[in-house]
Amino acid sequence: MGARRICVLGGGNGAHAAAADLEERGHDVAWWRRDGAAFDAIRAQGGLRVVDHRGERVARPRLEAEIGAAVEGAELIVAPLPAFAQADLADALAPHLRDGQVVFLPPGTFGSWLMPRRLRALGCEAQVTFAETGTLPWLCRKPAEGAIRITTRASRLPTGALPASRSAEALGLIAEAFPGAIEPVEDALSAALMNAGPIIHPPLILMNAGPIEHFDAWDIHAEGTQPSIRRVHDALDAERIALREALGYGPPHFPLRDHYETSDWMYGNLAHDRLVASKDWHEALDLSAHRYMREDVVEGLSFLASLAAWTGAPAPVAAGLLAIGGAACGRDLPAEGRSAASLGLEALDREGLSQRLRDGF
């Protein structure tokens, strides 16, 4: 295994961590974000400042002003953008993708289905493999522009590809970027149903709505994680696992309980304790605008609940949280969010879905 040409897309916490880690691992990394002026701080200080358990240093990915220049020649495209940005990203990528490229969405909320479906509608015929996994590969926060602080890195990333027929090649390439962490699963839908965000974040943000609106800053992972909320986590996660089993996916299911009680989840080494100890998540939260609401409730939880309804798997906790979230925000969240209907799944039977997951669009 040698250096790979990798493109990182996005300007959030995950994109900063990706650009830093992949460049430090010796890959040729091109980085693009929609707000190119935000790179000025990195240029001014001569690189991206990285802080983790090894101390502070500077990473120097190649900063690109145009998405086409960033994507050109890239073997792997890493896009840790929120789910609600994936459609616009597909639009921007459509003229630039080429046969053989791999797009990795960590995590994806079934964006590995949404994006190629949209690309085909736009007339893009490049043979690209999409893959997604169950969580962001880093627990990280930006303390300032031009800096990223990484609390810990994922050690187990259950990952699936679309089309599944190209899984071996695509996941092999991704494993070079994330050595020792990639664990192949059956297909992209199996990977989407490993997504921890729609399980962990909706109870935390909705059941802490009062403190979030009252206090200037609130840590939903510390003072906001109480036994009653953990019980809701477990009930919601049981619905996710039942849905996986209803669709024919077997273990391991990566139960969220392991994140809190063991070191054998996606983030090892007592990651929850490290997250709380860092105090990086003691922050101001806007209930309606925060990524936990816009991505994990509106997109992720809507998808989980609608897919459960499509399969006939009971999901009363997911539906109830969606109803509470909609009432709290004054919005119809299932109508706004990602669903089996909006993704075109309702037009397929089980056999048709399996064929599409295997062979792609």
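Structural remarks
- Within region 125-140, considering residues that are buried (at least 20 other Cβ atoms within 10 Å of the Cβ) and over 16 Å from the mean Cα position of the chain (by Cα), the one farthest from P179 (Cα to Cα): V128
- Residue list for region 279-321, restricted to those being open to solvent by 30 Å² or more (accessible area, probe 1.4 Å), in a loop (DSSP other than H, G, I, E, B) and over 30 Å from E351 (Cβ atoms): K279, H282, A284, D286, S288, A289, H290
- Near pairs, Cβ below 6 angstrom, 6+ apart or cross-chain, from region 114-137 (over 10 Å from F361 (Cα atoms) and touching a residue at least 12 places away in the same chain (Cβ under 8 Å)) to any residue that is among the charged types (D, E, K, R) and not in a strand (DSSP E or B): A126/R98; A126/D99; T129/R166
- Filter result for the condition that a residue is farther than 30 Å from G2 by Cα, more than 13 Å from the chain's Cα centre (by Cα), in a loop (DSSP other than H, G, I, E, B) and of a type outside the set (A, V, I, L, M, F, W, C), over P203, P211, P143: P143
- Residue count, region 243-253 (criterion: buried (at least 16 other Cβ atoms within 10 Å of the Cβ) and hydrophobic (A, V, I, L, M, F, W, C)): 2
- Scanning region 254-278 for residues that are assigned to a loop (DSSP other than H, G, I, E, B), surrounded by 14 or more Cβ atoms within 10 Å (Cβ to Cβ), in contact (Cβ under 8 Å) with a residue 24 or more places away in the chain and not aromatic (F, W, Y) yields L256, M266, G268.
- So E346, is it in a helix (DSSP H, G or I), open to solvent by less than 50 Å² (accessible area, probe 1.4 Å) and closer than 28 Å to A87 by Cβ: no
- Within region 220-229, the presence of at least one residue that is among the β-branched types (V, I, T) and surrounded by 19 or more Cβ atoms within 10 Å (Cβ to Cβ) is confirmed.
Yes or no, residue by residue, for (1) in contact with a helix residue (DSSP H, G or I) (Cβ under 8 Å, 6 or more places away or on another chain); (2) modelled with pLDDT under 95; (3) open to solvent by less than 10 Å² (accessible area, probe 1.4 Å):
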{"site": "I150", "(1), (2), (3)": "yes, no, yes"}
{"site": "R156", "(1), (2), (3)": "no, no, no"}
{"site": "G160", "(1), (2), (3)": "yes, no, yes"}
{"site": "R166", "(1), (2), (3)": "no, no, no"}
{"site": "G172", "(1), (2), (3)": "no, no, no"}
{"site": "A175", "(1), (2), (3)": "no, no, no"}
{"site": "V185", "(1), (2), (3)": "yes, no, no"}
{"site": "A188", "(1), (2), (3)": "yes, no, yes"}
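The values are calculated or read from the model by the stated rules, or taken from the named source; none is laboratory data. Please read all numbers here as calculations on a predicted model, not as lab measurements. Glycine gets a Cβ as well: all are built from the backbone with ideal geometry, and neighbour counts include every protein chain shown. Quick note on the areas: whole protein, heavy atoms, side chains included, nothing else; ligands and nucleic acids left out. Shrake-Rupley method; radii C 1.70, N 1.55, O 1.52, S 1.80 Å.
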